[in-house]
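S.K.: Pasting a structure below so you can have a look.
The values are calculated or read from the model by the stated rules, or taken from the named source; none is laboratory data. As the structure is a computational prediction, the values presented were derived from the model and not from experiment. No Cβ is skipped: glycine too gets one built from the backbone with ideal geometry, and neighbour counts run over all protein chains shown. Accessible surface areas use protein heavy atoms only, side chains included; no ligands, DNA or RNA. Shrake-Rupley method; radii C 1.70, N 1.55, O 1.52, S 1.80 Å.
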Protein chains: 2
Amino acid sequence: MGSMTSIDHASTPNASASLAQAPEPADALVAARATAARAASRELAALRRQDKDAALLAIGDALVAQQERVLAANAQDLARGEANGTSASMLDRLRLSPERIEGLRSALAELAALPDPIGELVRGQTLPNGLRLRQVRVPLGVVGVIYEARPNVTVDIAGIALKSGNAVLLRGGSAAQDTNHVLVEIIRDALEASGLPRYAVQTVDDGGRPAAQAMMRAVGLIDLLVPRGGHSLIQEVVRNSRVPVVQTGEGNVHLYLHADAPLQRSVDIALNAKVQRPSVCNAAETLLIHADAAETSRAVLQALTAAGVRLHADERAAALVPELSLEPATEEDWATEYGDLQMAVHVVDSLPEALEHIRSYSTGHTEAIITDSIASQQEFIRGVDSAAVMINASTRFTDGGEFGLGAEVGISTQKMHARGPMGLSELTTTQWIVEGDGHVRS
Amino acid sequence: MGSMTSIDHASTPNASASLAQAPEPADALVAARATAARAASRELAALRRQDKDAALLAIGDALVAQQERVLAANAQDLARGEANGTSASMLDRLRLSPERIEGLRSALAELAALPDPIGELVRGQTLPNGLRLRQVRVPLGVVGVIYEARPNVTVDIAGIALKSGNAVLLRGGSAAQDTNHVLVEIIRDALEASGLPRYAVQTVDDGGRPAAQAMMRAVGLIDLLVPRGGHSLIQEVVRNSRVPVVQTGEGNVHLYLHADAPLQRSVDIALNAKVQRPSVCNAAETLLIHADAAETSRAVLQALTAAGVRLHADERAAALVPELSLEPATEEDWATEYGDLQMAVHVVDSLPEALEHIRSYSTGHTEAIITDSIASQQEFIRGVDSAAVMINASTRFTDGGEFGLGAEVGISTQKMHARGPMGLSELTTTQWIVEGDGHVRS
């Protein structure tokens, strides 16, 4: 993914400053905007659902009504990208169109239709002493997002944050800076026209790379930082941030064909998991095959090869289909998230051996098994320490939309706070409210 | 609290090693024990509740049956503490007795009586495409705890971890090292006698301070690190750990008397919140008084003074009770968690002014209001960004036991993962399980 996968250096002369030496101005910029966002977040926390939903619809309408302005800015970003020799696939991620803007409006409308996570009663009871106790969902406050060159993320995240009562501090990729600038302006104008605080959506794009670094230091100013993008962006934020981070989107995803895996089902699921959209994090990267599933395995390997997948196979897997002359897998292949039409293939003699391989190499995203055995399914579920386990289904289903969560901030591969698709609830915390009548503790 | 509040230096010659320079052996020690704990945690995750509960009861019985051994080790720790000039209050925290050991058994029995958090269905539905989706509670895996000189924490934490299916890596204060050594041995023997893996409970006390530092670096080996102790221990862990931490137990707790606060209720709650147990984190530290509640305020300030509380008052508060000649509060008082019979007092002209003060100085633990106004209560709840809000009740109720959560790991003052009293659920994460019939994504 080249330079797009790390926090880019384009916008400032101080790109080489390390975290420790980063200049004061970026910290001051982030502090000022985060403080304004904090003030706005207090207003958002008290909003009624109907007012948030009306604002979401107003943002969608404004984006469509002002699409010429958006597309003009996007054309500037695209022209700059072309001049810089940006790849066609990156340009496609950067590109907006009337259809894509209409898609943004639809997504905002879907968000408006979702229940409000704020105020949800998580638990509650009247205690033996008569205290009335309840745990209620409240917004986190200020959510920071550092992302790359997909300008639709700007609108998605602003919408999810608004619905969950949070203010956002955005830092997008500089390749999309003109588009993002116009999108943020339209969003803020629509917020204001809806009677909501325009400072609820903040960008620090003008602060460049030092501002991204300052976000990672903004303890107490930003409640949660989410990196959205490629491996190196995520790792940079996870390693350097002192603000709490949720790690999302790294998927070294495994598909295991058990000894009893039916042939056609295995072919269908393997093709779907690998080929349907190979660039996304829930696409499968390693195929594990039980040695007793030779006929099924042959059919799967042939189908994958026919679909253009470059297979990296261990010796026993290669021997199943000698006519394909598969290239040998290396240790590195087991740990690789290809993100394209490549896949590693490993033969195991047992389900425990498959589990051991998964535990050694998985990033904790999604693992799938194909089997008709209840006992094997249970053993697989218990043995896998990942956010999602698929039984007789494609790994591609690990997705907030598919799970019915509506919007998605990303897919958490960590265990703390959120695990798997992060929807609206995952952008909240809780508050305990205790009502007494003069109660004291004895 | 002196040297007991930071990770103590007693056990090794390498006490001055910084995190970056810490010796290899500590990392190897932590890695070996965490790896053994990880293996044990996989067995624990699959246990039935009845087997975990039986083991909890067996541990309690073993502690009582072998109490002479425990008390002998404890006497060694106490003798060493006395020789070192340890304070009487610290020695009291360190001391076990037959009654306290019986208390540990009771706590384990109460834990056994609580529902099993593992396997709890958080959410679930059959999706439109027929996929059967469920989100289920699973253990975190390996929980690390760094704590100080209260040996009862060793048993409490081991019990909570076992019930929630987690293995633990313990690092206790060296002042309690002999007691902890015997407690861990008894716990492990009882686990083994119950057919559970003895390596589920691990100590790295023999690794001294470098082992505590190595725990903070053990990314991927330890899933969650909880510091339990004073301010400097907590800050040291929060600042230095690269393993996810939940910050617990810092309580700059506020009690606000609104303009309409009734006199007797205010006196009762203020005394309870400040005096009943001043050393704990849910004791109140700052009293905020509405200027219109002069008569009530006078009664509260007189009662607190009569109870031996040293008040640090702003000018207007001091002027309410000139006969008491209260000492003037400084800026530092507003931010101080005294942990003893001292309290800061500040007069405000409005509820918003009280909220502004709380937001400026609170550690996010607990804030209380005394009022009979529904509107003021709602404004207070919305304006406070802390784990718990008390309405007409003492701040002392913020406690896992009081909340009916049973056991408590600590009281989280952060927003991510857990907020407020951390019970069994807070030591879990979730896993999404998706069952299909050959489903592929279109």
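S.K.: For A:G195, what charge total do you get from the other residues with a beta carbon under 15 Å from its beta carbon, if Lys and Arg give +1 and Asp and Glu give -1? Write out the running numbers ahead of the final one.
M.R.: Values: positive: A:R48, A:R49, A:K52, A:R188, A:R198; negative: A:E43, A:D51, A:D53, A:D189, A:E192.
Within the 15 Å Cβ shell, the charges total 0.
S.K.: Between A and B, buried accessible area summed over both sides at probe 1.4 Å, in Å² to the nearest 100? Mind dumping the intermediate values first?
M.R.: Working: alone 18970 and 18970 Å², together 32610 Å².
Counting both chains, the buried surface is close to 5300 Å².
S.K.: Using modelled amide H (1.01 Å from N, peptide plane; none on Pro or chain starts), what sits under 5 Å from the amide H of A:V345, excluding residues fewer than 5 places away?
M.R.: Excluding prolines and chain starts, which carry no amide H, the hits are A:L287, A:H312, A:A313, A:D314.
S.K.: Put the label 7 Å from Cα along Cα→Cβ for B:Q235; what are its distances to the other copies, in nanometres, shortest first?
M.R.: The projected label point of B:Q235 is separated from its counterparts by 3.4 nm.
S.K.: Continuing with the same structure: Given a 1.4 angstrom probe, I'd like the percentage of the accessible area of region B:253-397 that is carbon and sulfur, rounded to a whole number. Numbers along the way, then the final one.
M.R.: Values: 2580 of 5260 Å².
Percent of accessible area from carbon and sulfur atoms in region B:253-397: 49.
S.K.: Can you give the local net charge around B:G438? Use residues other than it whose beta-carbon is closer than 9 angstrom to its beta-carbon, Lys and Arg +1, Asp and Glu -1.
M.R.: That works out to -1.
S.K.: Send over the semi-axes of region A:48-110's equivalent ellipsoid, whole angstrom and largest first, taken as the square roots of 5 times the C-alpha gyration tensor eigenvalues.
M.R.: Values: eigenvalues 168, 26, 15 Å².
Equivalent ellipsoid of region A:48-110: 29, 11, 9 Å, largest first.
S.K.: With the Cα gyration tensor of the protein assembly as shown giving a ≥ b ≥ c as the square roots of its eigenvalues, does the rule (a/c under 1.5 for rounded; else a/b larger than b/c for prolate; else oblate) give rounded, prolate or oblate? Before the final figure, lay out the partial values.
M.R.: Numbers: a/c = 1.94, a/b = 1.25, b/c = 1.55.
Note, shape of the protein assembly as shown comes out oblate.
S.K.: Can you give the mean number of other chain Cβ atoms that lie within 10 Å of the Cβ atoms in peptide A:411-424?
M.R.: On the way: counts 0, 1, 0, 4, 12, 10, 8, 4, 6, 5, 1, 0, 0, 0.
Partner Cβ neighbours, averaged per residue: 4.
S.K.: Same structure, new question: Give me the accessible area per residue for region B:253-397, probe 1.4 Å, as a whole number in Å².
M.R.: Details: 5260 Å² over 145 residues.
Per residue, region B:253-397 has an accessible area of 36 Å².
S.K.: Using θ = phi - 60° and the Karplus form 6.51 cos²θ - 1.76 cosθ + 1.60, what ³J(HN,Hα) does each residue of region B:172-184 get, whole Hz, x for Gly and Pro?
M.R.: For region B:172-184, the Karplus curve yields x, x, 5, 4, 10, 5, 5, 4, 4, 4, 5, 4, 5 Hz.
S.K.: Moving on to the next point. Would you mind calculating the relative contact order of region B:26-240 from Cα pairs under 8 angstrom and at least 6 residues apart, reporting the percent as a whole number?
M.R.: Working: 359 pairs, mean separation 68.2, N = 215.
Once normalised by length, the contact order is 32 percent.
S.K.: With runs of 4+ DSSP H residues as the only contributors, calculate the mean residue ellipticity of chain A at 222 nm using -39,500 (n - 2.57) per run, divided by the residue total and rounded to the nearest 500. The partial results should precede the final answer.
M.R.: On the way: 15 runs with 185 residues, N = 442.
Result for chain A: -13000 deg cm²/dmol, rounded to the nearest 500.
S.K.: Which chain B residue sits with its beta carbon nearest the axis carrying B onto A, and how many Å away is it, rounded to a whole number?
M.R.: Here the value is B:H417, 2.
S.K.: Report the number of Lys pairs in the protein assembly as shown whose alpha-carbons are under 30 Å apart, with separation of 8 or more residues or on distinct chains.
M.R.: 11
S.K.: Based on the Cα coordinates of chain A, what is the per residue volume of their convex hull in Å³? Walk me through the numbers before you get to the answer.
M.R.: On the way: hull volume 78.6 nm³, N = 442.
In chain A, the Cα convex hull volume per residue is 178 Å³.
S.K.: Label-point separation (nm) for B:A335 and A:R382, each offset 7 Å from Cα along Cα-to-Cβ?
M.R.: Going from the B:A335 label point to the A:R382 one covers 5.2 nm.
S.K.: Any idea what the relative contact order of chain B is, in percent, if you count C-alpha pairs under 8 Å spaced at least 6 apart? Walk me through the numbers before you get to the answer.
M.R.: On the way: 909 pairs, mean separation 80.5, N = 442.
About 18 percent, as a whole number.
S.K.: Starting from a label point 7 Å past Cα on the Cβ side, list the distances from A:E353 to the same position in the other copies, nm, shortest first.
M.R.: 7.6
S.K.: How big, in percent, is the set of alpha carbon pairs in region B:287-442 lying more than 20 Å apart? Could you put the intermediate results ahead of the total?
M.R.: Working: 7217 of 12090 pairs.
Beyond 20 Å sits 60 percent of the P(r) for region B:287-442.
S.K.: Where does helix A:208-217 land angle-wise versus the long Cα axis of chain A, in degrees 0 to 90, nearest 10?
M.R.: Long axis of A:208-217 versus the principal axis of chain A: about 90 degrees.
S.K.: So who's got an amide H within less than 5 Å of the one on A:A368, skipping anything under 5 residues away but keeping other chains? H placed 1.01 Å off N, in plane.
M.R.: Result for A:A368 returns A:H254, A:L255, A:Y256, A:M390.
S.K.: Measure off, as a whole percent, the carbon and sulfur share of the 1.4 Å-probe accessible area of region A:2-240, all protein chains present. Each step should come with its number before you reach the end.
M.R.: On the way: 4970 of 9490 Å².
Heavy-atom surface of region A:2-240 belonging to carbon and sulfur, 1.4 Å probe: 52 percent.
S.K.: Roughly how big is region A:2-240's charge dipole about its Cα centre, with Cβ charges of +1 (Lys, Arg) and -1 (Asp, Glu), in debye to the nearest 20? Could you put the intermediate results ahead of the total?
M.R.: Numbers: 25 positive and 26 negative charges, 187 e Å.
In debye, rounded to 20, region A:2-240 gives about 900.
S.K.: Using a 10 Å cut-off on Cβ to Cβ distances, tally the other chain neighbours for every residue of A:262-274 and report the average as a whole number.
M.R.: On the way: counts 1, 0, 1, 5, 1, 0, 3, 5, 1, 1, 5, 2, 0.
The mean count of partner-chain Cβ atoms within 10 Å per residue comes to 2.
S.K.: Given Cβ point charges of +1 (Lys, Arg) and -1 (Asp, Glu) and nothing else, what value in debye, to the nearest 20, does the dipole of chain A about its Cα centre take?
M.R.: Taking the Cα centre of chain A as origin, the dipole is about 1600 debye.
S.K.: A further question on this structure: Using only Cα atoms, find the angle between the long axis of helix A:67-83 and the longest principal axis of chain A, and express it within 0 to 90 degrees, rounded to the nearest 10.
M.R.: Long axis of A:67-83 versus the principal axis of chain A: about 50 degrees.
S.K.: Across peptide A:219-230, how many C-beta atoms of other chains are within 10 Å of each residue C-beta, on average? Each step should come with its number before you reach the end.
M.R.: Values: counts 2, 0, 0, 0, 4, 2, 0, 0, 0, 0, 0, 0.
Other-chain Cβ atoms within 10 Å of each residue's Cβ, averaged: 1.
S.K.: Quick one: net charge of A:S106's neighbours, Cβ under 11 Å, K/R +1, D/E -1?
M.R.: Working: positive: A:R100, A:R105; negative: A:E99, A:E102, A:E110.
Surrounding charge for A:S106 is -1.
S.K.: To continue, here is another question. Compute the distance in nm between two label points, each set 7 Å from the Cα along the Cα-to-Cβ direction, one at A:T35 and one at A:A65.
M.R.: 3.4 nm
S.K.: To continue, here is another question. Does region A:2-240 come out rounded, prolate or oblate, given a ≥ b ≥ c as the square roots of the eigenvalues of its C-alpha gyration tensor, rounded meaning a/c under 1.5 and, failing that, prolate meaning a/b above b/c?
M.R.: Values: a/c = 2.12, a/b = 1.35, b/c = 1.57.
Oblate is the answer for region A:2-240, as a/c is 1.5 or above yet b/c matches or exceeds a/b.
S.K.: Provide, as a two-decimal number, the C-alpha radius of gyration of region B:397-442 over 2.2 N^0.38 Å, N being how many residues it has.
M.R.: Expressed relative to 2.2 N^0.38 Å, the Cα Rg reads 1.81.
S.K.: May I ask which residue of A:P262, A:S41, A:F403 lies farthest towards the positive end of the charge dipole of chain A, with charges of +1 (Lys, Arg) and -1 (Asp, Glu) on Cβ and the Cα centre as origin?
M.R.: Positive-end residue among those listed: A:S41.
S.K.: Per residue, how much accessible area does region B:26-240 have with a 1.4 Å probe, in Å²? Write down the numbers at each step before the final one.
M.R.: Numbers: 8020 Å² over 215 residues.
It amounts to 37 Å² per residue over region B:26-240.
S.K.: What is the helix-to-structure angle for B:351-361, meaning the angle in degrees between its Cα long axis and the longest Cα principal axis of chain B, kept from 0 to 90 and rounded to the nearest 10?
M.R.: Tilt of helix B:351-361: around 50 degrees.
S.K.: Shifting gears a bit: Please work out whether region B:236-352 counts as rounded, prolate or oblate from its C-alpha gyration tensor, where a ≥ b ≥ c are the square roots of the eigenvalues and a/c under 1.5 means rounded, while otherwise a/b larger than b/c means prolate and anything else oblate?
M.R.: Values: a/c = 1.99, a/b = 1.97, b/c = 1.01.
Verdict is prolate for region B:236-352.
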